[in-house]
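See structure below.
The values are calculated or read from the model by the stated rules, or taken from the named source; none is laboratory data. Since we're looking at a predicted model, the values are computed, not measured. So basically every Cβ, Gly included, is an ideal-geometry build from the backbone, and we count neighbours across all protein chains shown. Accessible surface areas use protein heavy atoms only, side chains included; no ligands, DNA or RNA. Shrake-Rupley method; radii C 1.70, N 1.55, O 1.52, S 1.80 Å.
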Amino acid sequence: MTVGIDDIAIYIPRLFLDARDFAEARGMDPDKLQRGLGISKMAIVDTNQDPACMAANACLRIMQRDNMSPKDIGRLYVATESSLDESKAMNSYVIGMLEQVYGEGSFEHCGGIECKFACVSGSYALYDNSNWIRAGEADEKSAIVVVSDIAKYDLGSSGEYTQGAGAVAMLVNDKPRLLEFDPKVTSTSIKNEYDFYRPFGKETPIVHGQYSNLLYLIQVKKALMAYKEKALATGLIKPKEGETILDHIDFLNMHLPYSNMGKKALAYLLRHEWRKLPRWKKIIEKIGMEEPTPKDPRGTIESVLADTDFMTKDHEFTKKFTKTEEFQETYDAKLSSSLIASQMIGNLYTASLYLGLRSSLEFEFQKGTNLEGKRVGFGSYGSGSSAMVFSGVILPRYKEIVKDMNLEAEIGNRVKLSLEEYEEIHENKRSPQENFLESKKEFILVDVENAPESRGERRYVYNG
Ligand code: CAA
């Protein structure tokens with residue numbers, strides 16, 4: 001049975017913070033953000049936007065574009081780590097907004113929940129909804145999985161330059177035009193960790209930045225190893241002598257807290273996969289140094305990070321590796337197009353991976369690449385922590401969806417914030433009514449109740 005992504009729609013706030021302006025204001029070298037992390041702009045929500053209305057806007061776009069009515073949708077799942085309530089699920093707010101357009105009660109048959117596991121929960125939601133369809137429960141209906149987040153860190157923190165916001169809605173069904181999921185290979189890894197977390201009542205996360213970078217790499221590698229076992233056992237991928245499964249994955253989409261994290265992950269996974277292959281000898285010769293190992297190869301992440309001699313040598317080795325022709329070819333062919341949107345928009349937490357997919361489709365299509373039959377691998381990571389690796393194949397009708405993709409047009413006219421304006425929004429100094437932009441044909445937040453008996457109730461309107 002074919003199950004996969006039929007269509008994909010995005011909603012990105014039009015306000016943005018320019019990375020160069022930001023770096024100068026914080027006394028940083030702008031090159032650190034632009035070249036070091038791959039960030040040029042960060043999307044920022046207006047005062048009358050929140051993760052629920054971004055999610056509803058992405059849903060509305062996909063439904064309108066595909067001429068769908070609520071009866072065509074059997075499930076609506078929202079994955080987010082920007083929850084608005086400890087109990088009430090974000091998809092209920094989204095349903096409420098959509099019913100302003102489609103009519104009161106029009107979605108009452110539609111099940112769904114809010115999913116949480118930092119940035120990886122959207123991937124679990126996609127997997128669970130695909131299995132709902134595979135189980136024959138969908139009754140010809142589609143599922144919508146929406147990933148929506150505001151990546152917000154403390155002012156002055158090292159996370160502050162990896163912010164962003166936006167939502168991606170994906171239509172999942174048994175007649176997909178875009179991408180079919182590969183069956184029986186989805187693989188996960190999981191471990192109780194405190195690399196990045198947001199305790200109750202706190203608006204911004206507690207982050208151990210370098211720890212989170214390394215943990216991301218380790219967890220995705222573990223999930224990839226599990227994927228590899230399944231892909232070999234099921235015969236999905238049949239590598240020849242001297243090949244790795246990565247040779248059989250045409251495009252890679254990684255979770256992108258910032259765009260250069262994708263490059264870091266590719267280098268880490270290639271090193272792991274290539275070091276057992278004949279091609280590695282030639283690469284080591286080109287790099288001109290042996291691959292370093294930590295003093296305690298079985299040590300903890302803390303002990304590896306504290307091993308400064310290893311960390312310095314490993315950093316040098318990675319830099320040299322990423323300059324080799326072999327790495328560059330793989331990077332250009334499999335990954336680079338997926339990073340473009342992240343540079344323009346920033347971190348979208350749950351939505352980052354899927355914005356990367358969108359980016360890869362749009363920019364590969366623009367290059368004239370024939371995408372039909374190409375295998376796409378996904379490396380999803382959520383702090384706390386879990387990774388999921390899965391894959392899919394691009395379907396013959398993909399052009400119907402991809403030909404109209406235009407990131408800039410879909411975002412609309414972007415408006416640059418001054419640092420003062422950005423800080424006012426960040427510190428919640430403006431009410432929803434003190435918005436910066438006029439909105440048209442979208443849902444906006446108008447009020448959040450404060451009275452004890454209705455505290456937290458949120459009111460939205462559709463600005464038709
Ligand atoms: N010119 C050019 N490049 C420069 C430079 C300059 N002047 N100064 C530094 N750089 C480069 C560095 O060499 C480095 O690149 P490489 O690693 O490729 O060498 C890059 O810029 C970043 O430098 P640092 O590592 O020194 O940056 P930092 O310590 O200030 O912080 C960070 C980076 C850890 C990602 C931090 O922004 C952070 O904590 N972000 C939030 C957490 C996060 O995103 N973690 C990612 C994994 S966890 C996850 O993915 C879940 C999620 O969404 C949060």
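Annotations
- Residue within the range 55-78 that is open to solvent by less than 40 Å² (accessible area, probe 1.4 Å), within 15 Å of the ligand (Cβ to nearest atom) and closer than 24 Å to residue 412 by Cβ present: no
- Tallying residues that are open to solvent by less than 10 Å² (accessible area, probe 1.4 Å) and more than 16 Å from the ligand (Cβ to nearest atom) within the range 161-181 yields 6.
- Residues of the range 351-388 satisfying the condition of being under 18 Å from residue 215 (Cα atoms) and either hydroxyl-bearing (Ser, Thr, Tyr) or open to solvent by less than 10 Å² (accessible area, probe 1.4 Å) (or both): 352, 353, 378, 379, 380, 381, 382, 383, 385, 386, 387, 388
- Among the residues of the range 206-251, those that are in a helix (DSSP H, G or I), within 16 Å of the ligand (Cβ to nearest atom) and open to solvent by 60 Å² or more (accessible area, probe 1.4 Å) comprise 210, 222.
- The range 123-151: number of residues that are open to solvent by 10 Å² or more (accessible area, probe 1.4 Å), closer than 30 Å to residue 208 by Cα and touching a helix residue (DSSP H, G or I) at 6+ places or on another chain (Cβ under 7 Å): 1
- Just one of the numbered conditions (1) of a type outside the set (A, V, I, L, M, F, W, C); (2) in contact with a strand residue (DSSP E or B) (Cβ under 9 Å, 6 or more places away or on another chain); (3) away from the ligand (no atom under 13 Å from the Cβ); (4) on the phi < 0 side of the Ramachandran plot is not true of residue 203: (2).
- Close pairs (7 angstrom Cβ cut-off, 6 or more residues apart or separate chains): assigned to a strand (DSSP E or B) in the range 410-422, surrounded by 14 or more Cβ atoms within 10 Å (Cβ to Cβ) anywhere: 415/14; 415/15; 415/436; 415/437; 416/16; 416/18
- Of the set (1) open to solvent by 50 Å² or more (accessible area, probe 1.4 Å); (2) over 23 Å from residue 215 (Cα atoms), all apply to residue 158 but (2).
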